[in-house]
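Enquirer: Sharing a structure, written as structure tokens. Questions coming.
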Amino acid sequence: MMTKNSREFDSYSERKAFDETKAGVKGLVDAQITEIPRIFHLPPGALTEKKPSVLSPDFKIPIIDFAGVQVDAVSREAIVEKVRYAAEKWGFFQVINHGVPLSVLEKIKDGVSRFHEEDVELKKSYFSRDFTKTFIYHNNFDLYSSSSSAVNWRDTFACYMAPDPPNPEELPLACRDALIEYAKHVMSLGGLIFELLSEALSLNSETFKRMHCLKGLLMLGNYYPPCPQPDLTLGLSKHSDNTFFTILLQDQSGGLQVLHQDCWVDVSPLPGALVINIGDFLQMMTNDKFKSAEHRVLANRKGPRISISSFFSTSMLPNSTVYGPIKELLSEENPPKYRDFTIKEYSTGYIEKGLDGTSLMSHFRI
Ligand SMILES: O=C(O)CCC(=O)C(=O)O
Ligand SMILES: [Fe+2]
């Protein structure tokens, strides 16, 4: 609980004043602050009180090698089995030999950092929280909507790469080519992962693709500046993703943690790997068989930390497809646990609620 003391200031006005600089968290770091503003302060003890950060050898995010996935049925079945285990037990796994060239991964990380390190006047021209626009830049999508206690130590750009590929001119030069190239690879890897997830449920490989799950791709280019007081705040609050699943590329900084059996487990950077995490839509469509795990990012004295979140979702774009628990997975013993939803409906609720530490899935439970 937040103490009265920590609220004895006008949080709204301070958030607004910070927001109106349009310079983001990086602007504070550039101004060489040594103490972070109060709006970033977590309630005392919030980082450590709930769940212990354990480094247990039993708790390691599964690493799955995709080499051989297209080679023969036996190799593929072995990979599907690992994907099934990871999706059910963890909701998170790392993939190696995923087919995206290292040079493409380096180029997009570089592009994201270049954009955030551009002149602030250029970045201001993209500043917005309107998620119907092709390319926007901001910090804290939920700066005003969240009932969460603290603002996150992160700046982000968000860009729709599908269903309609953006006009190259709509993308900033700093990351234009890198985004276009990386998105192509992400779409193709995403298609393969949807196949493997279908097979893991003993459904036809094309099931998710036929349900248009591969239609939308929203990419976030995240920049976590170095933080002078990392024990007081978070890079990103605890949340589960508003997606079918997410492909995450992180640099070597570390700080991403997943909540597993009530413990925060580090998703340790693995050079060249991609992190896959199941999102809320797949948890609801599989009637809780797959798990949309909660995760967070710690702030760090060192930085910046760069990551790219590729969300399979049409998010706030018009999309009338209705989703819900998949009929083939249901039975008398396993009745639907969720009502039907559209992606836009879910995303609207997600953005309005903000990252307040609770899951929106409970609102869709029958
Ligand atoms: O930056 C990261 O490692 C995680 C980002 C994330 O969880 C998200 O964008 O939803
Ligand atoms: Fe996330």
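Enquirer: If the elastic network links every pair of Cα atoms under 10 Å, which of 125, 11, 315 fluctuates the most in the Gaussian network model of the chain?
Expert: 125
Enquirer: Could you sort the peptides 165-174, 79-88, 272-281 by per-residue average Cβ neighbour count (10 Å cutoff), highest mean leading? Walk me through the numbers on the way to the answer.
Expert: Working: 165-174: 14.8, 79-88: 19.6, 272-281: 23.7.
Top of the packing list down: 272-281, 79-88, 165-174.
Enquirer: Under 16 Å from the Cα of residue 124, which aspartates and glutamates turn up, not counting those fewer than eight places away in the same chain?
Expert: Once the sequence-local aspartates and glutamates are set aside, what remains near residue 124 is 19, 20, 30, 155, 170.
Enquirer: Let me ask something additional. Enumerate the amide H contacts of residue 91 below 5 Å, restricted to partners 5 or more residues apart or on another chain; note that Pro and chain-start residues carry no placed amide H.
Expert: Long-range HN contacts for residue 91: 291.
Enquirer: Something else now. Sticking with the crude label model, points 7 Å out along Cα→Cβ, report the distance from residue 60 to residue 210 in nm, one decimal please.
Expert: 3.9
Enquirer: Oh, and also: Report, in deg cm²/dmol and to the nearest 500, the calculated mean residue ellipticity at 222 nm for the chain, where each DSSP H run with n ≥ 4 adds -39500 (n - 2.57) and the sum is divided by the residue count. Before the final figure, lay out the partial values.
Expert: On the way: 10 runs with 104 residues, N = 366.
That comes out to -8500 deg cm²/dmol.
Enquirer: Further question on the same structure: Under a 5 Å amide H to amide H cut-off, with H placed in plane at 1.01 Å, what residues pair with residue 274 once short-range neighbours are removed?
Expert: 95
Enquirer: At a Cα cut-off below 17 Å, give the lysines reachable from residue 107, other chains included and same-chain residues fewer than 8 away excluded.
Expert: 184
Enquirer: At a Förster radius of 41 Å, what calculated FRET efficiency corresponds to the Cβ-Cβ distance of residue 268 and residue 177, to the nearest 0.05?
Expert: E(calc), rounded to 0.05, equals 0.85.
Enquirer: If you don't mind, there's one more thing I want to ask. Apply the Karplus parameterisation 6.51 cos²θ - 1.76 cosθ + 1.60, with θ equal to phi minus 60°, to every residue of the range 102-113 and state each ³J(HN,Hα) to the nearest whole Hz, in sequence, with x for glycine and proline.
Expert: Per-residue couplings from phi come out as 3, 5, 5, 5, 5, 5, 6, 4, 4, x, 5, 5 Hz.
Enquirer: In straight Cα distance, which lysines are under 17 Å from residue 291, not counting same-chain residues fewer than 8 positions off?
Expert: Result set, ordered by chain and number: 60, 82, 89, 238, 337.
Enquirer: Residue 85 versus residue 72, label points 7 Å from Cα toward the beta carbon: distance in nm?
Expert: Result for the modelled spin labels: 2.1 nm.
Enquirer: How far apart, in nm, are the 7 Å Cα→Cβ label points at residue 321 and residue 334?
Expert: Using points 7 Å along Cα→Cβ, the separation is 2.1 nm.
Enquirer: Which order do the peptides 93-103, 212-222 come out in when sorted by mean C-beta neighbours inside 10 angstrom, highest first?
Expert: On the way: 93-103: 16.8, 212-222: 21.5.
Going by the mean number of other Cβ atoms within 10 Å, highest first, we get 212-222, 93-103.
Enquirer: Next up: What three numbers, in Å, describe the spread of the alpha carbons of the range 200-314 along their principal axes, ordered from the longest?
Expert: 50, 28, 24
Enquirer: Once you've got the GNM for the chain with C-alpha springs shorter than 10 Å, pick whichever of 105, 270, 236 has the biggest mean-square fluctuation.
Expert: Judging by the Gaussian network model, the answer is 270.
Enquirer: Using modelled amide H (1.01 Å from N, peptide plane; none on Pro or chain starts), what sits under 5 Å from the amide H of residue 305, excluding residues fewer than 5 places away?
Expert: 224
Enquirer: Beyond 41 Å, what share of the Cα-Cα pairs of the chain is found? Please give it as a whole percent. Don't jump to the answer; show the numbers that get you there.
Expert: Values: 5750 of 66795 pairs.
When every Cα pair of the chain is considered, 9 percent fall beyond 41 Å.
Enquirer: Could you size up the charge dipole of the chain around its Cα centre, putting +1 on the beta carbon of Lys and Arg and -1 on that of Asp and Glu, and report it in debye to the nearest 20?
Expert: Details: 40 positive and 46 negative charges, 79 e Å.
In debye, rounded to 20, the chain gives about 380.
Enquirer: Which order do peptides 60-71, 224-235 fall in by mean Cβ count within 10 Å, highest first?
Expert: Numbers: 60-71: 16.0, 224-235: 20.6.
Ranking the peptides 60-71, 224-235 by packing returns 224-235, 60-71.
Enquirer: While we're here: Whole Å is fine, so just give me how far the alpha carbon centre of the range 322-366 lies from that of the range 219-255.
Expert: Going from one Cα centre to the other spans 24 Å.
Values quoted throughout were computed directly from the atomic coordinates according to the rules given, and no laboratory measurement underlies them. Every value quoted in this text rests on a predicted model; they were computed, and no experiment measured them. Positions of Cβ are backbone-derived with ideal geometry, glycine not excepted, and every protein chain shown enters the neighbour counts.
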